[in-house]
């Protein structure tokens, strides 16, 4: 097989998500497997070109993984002779200008979410990419998780009958940073730095609900800042100005009601950090990151409410695990491979910057709903 090298400018991979999921578990994992077979006798070999603000961090990262291309200059990275794709995992505030520069340089675009800080900016990026004729994509990784792939299989197979409702629970306790270090960066809790639960998670819930259940048609959100003061990476106390929890009610096409709670101030009493329960006339399912369990109409028990007696049924034991029936790779890596094939072979790819803008739209409407205390319709988007 012949090797086809494709340079990927990777901006923001010194951060937690950019490093672990995109560089190590996606791009370097593709290299470790010998490249990405294209099916025509060619193997695609991704060549990272690292870019960021800290020369020290970039140099250390490159040495650790045997990489040779890195720079603190975005212009220099985009001008690299191998560069064909620009990837962005920076903080949201820095993303828009960098993507615009990459589009102007004729690079294909792949970016983390949210794609921009506002809907207008997100739509402008999608328009610029379309006008420039460059391939473009937004990360929508949860669609490729084993548990949600199993849930999609159930939906497509008609397991639920008529779907009635969805209930989602996401979150965990993020330490305040005083007596234990916080496990998320402090900027997540400052609105002025682009932080906030709604801005972070509503784009995820948009593509999960749209892509697996049904399109979102309205939103009602309540935002809260449960922990008003936190301690940053330098040990300094700071006011938390962003929401650290969001409680959303979404009406989906067909009258389906989805309730999704998202919180960094909740202790976990679930099997996984995120779970979605889908209830339908013919059956129900609970899906997490990896697992999915079901209860069919024919095997649904008949509980009777009696608060004077202890429960005699082990309710969780009355559910059945959905088998894997497939091998599941890292969700970020799977989407990277689809995007790379899209760029090189023209293979179909649906998760473009317009889809990314839909997530920004829901976050923007969610924030407005929380401010105004009312339900808002979610209009159709187009360029």
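The values are calculated or read from the model by the stated rules, or taken from the named source; none is laboratory data. Note that the coordinates shown come from a computational prediction; the quantities given were computed from them, not determined experimentally. We place every Cβ from the backbone using ideal geometry, glycine too, and count neighbours over all the protein chains shown.
Here's the yes/no breakdown for (1) under 30 Å from residue 191 (Cα atoms); (2) under 17 Å from the mean Cα position of the chain (by Cα); (3) outside the structural domain of residue 209 (by TED's automatic domain parsing):
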{"position": "84", "(1), (2), (3)": "no, no, yes"}
{"position": "92", "(1), (2), (3)": "yes, yes, yes"}
{"position": "101", "(1), (2), (3)": "yes, no, yes"}
{"position": "117", "(1), (2), (3)": "yes, yes, yes"}
{"position": "124", "(1), (2), (3)": "yes, no, yes"}
{"position": "150", "(1), (2), (3)": "no, no, no"}
{"position": "161", "(1), (2), (3)": "no, no, no"}
{"position": "168", "(1), (2), (3)": "yes, yes, no"}
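Condition check ((1) within 22 Å of the chain's Cα centre (by Cα); (2) at pLDDT below 95) across all residues:
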position: 10; (1), (2): yes, no
position: 17; (1), (2): yes, yes
position: 23; (1), (2): yes, no
position: 26; (1), (2): yes, no
position: 31; (1), (2): no, no
position: 36; (1), (2): no, no
position: 56; (1), (2): no, no
position: 66; (1), (2): no, no
position: 70; (1), (2): no, no
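Residue by residue through segment 159-186, note down the ones that are in a strand (DSSP E or B) and either surrounded by 18 or more Cβ atoms within 10 Å (Cβ to Cβ) or in contact with a helix residue (DSSP H, G or I) (Cβ under 9 Å, 6 or more places away or on another chain) (or both).
163, 166, 168, 169, 170, 171, listed by residue number.
Scan segment 359-379 residue by residue and report those that are part of a loop (DSSP other than H, G, I, E, B) and within 12 Å of residue 218 (Cβ to Cβ).
Once the filter is applied, which keeps residues that are part of a loop (DSSP other than H, G, I, E, B) and within 12 Å of residue 218 (Cβ to Cβ), segment 359-379 yields 374, 375, 378, 379.
Confirm whether residue 306 is outside the structural domain of residue 23 (by TED's automatic domain parsing) and either modelled with pLDDT of 90 or more or under 24 Å from the mean Cα position of the chain (by Cα) (or both).
Judged against the criteria, residue 306 is not a match.
Condition test on residue 335, is it in contact with a helix residue (DSSP H, G or I) (Cβ under 8 Å, 6 or more places away or on another chain) and either at pLDDT below 95 or outside the structural domain of residue 149 (by TED's automatic domain parsing) (or both)?
yes
What about residue 208, is it surrounded by 22 or more Cβ atoms within 10 Å (Cβ to Cβ), on the phi < 0 side of the Ramachandran plot, touching a helix residue (DSSP H, G or I) at 6+ places or on another chain (Cβ under 7 Å) and not in a loop (DSSP other than H, G, I, E, B)? Spell out the reasoning first.
Values: surrounded by 22 or more Cβ atoms within 10 Å (Cβ to Cβ): yes; on the phi < 0 side of the Ramachandran plot: yes; touching a helix residue (DSSP H, G or I) at 6+ places or on another chain (Cβ under 7 Å): yes; not in a loop (DSSP other than H, G, I, E, B): yes.
The answer is yes for residue 208.
State the number of residues belonging to segment 273-325 that are assigned to a loop (DSSP other than H, G, I, E, B) and over 29 Å from residue 143 (Cβ atoms).
So the answer is 14.
Given the residues 365, 381, which is the only one that is surrounded by 16 or more Cβ atoms within 10 Å (Cβ to Cβ) and either more than 24 Å from residue 161 (Cα to Cα) or assigned by TED's automatic domain parsing to the domain that holds residue 108 (or both)?
Numbers: 381 fails: surrounded by 16 or more Cβ atoms within 10 Å (Cβ to Cβ).
When all the criteria are applied, what remains is 365.
Show me the strands (runs of 3 or more DSSP E) entirely contained within segment 36-130 in which 3 or more residues are in contact with a helix residue (DSSP H, G or I) (Cβ under 7 Å, 6 or more places away or on another chain) and over 30 Å from residue 381 (Cβ atoms).
Qualifying strands (runs of 3 or more DSSP E): 42-51.
Can you pull out every residue in segment 131-141 that is part of a helix (DSSP H, G or I) and crowded, with 19+ Cβ neighbours inside 10 Å?
Listed by number, the list holds a single entry, 141.
Is it the case that some residue within segment 231-254 is over 26 Å from residue 118 (Cα atoms), part of a strand (DSSP E or B) and touching a strand residue (DSSP E or B) at 6+ places or on another chain (Cβ under 6 Å)?
Yes: one or more hits.
Mind telling me which of the residues 190, 184 ends up being in contact (Cβ under 8 Å) with a residue 24 or more places away in the chain and more than 17 Å from the chain's Cα centre (by Cα)?
Residue meeting the stated conditions: 190.
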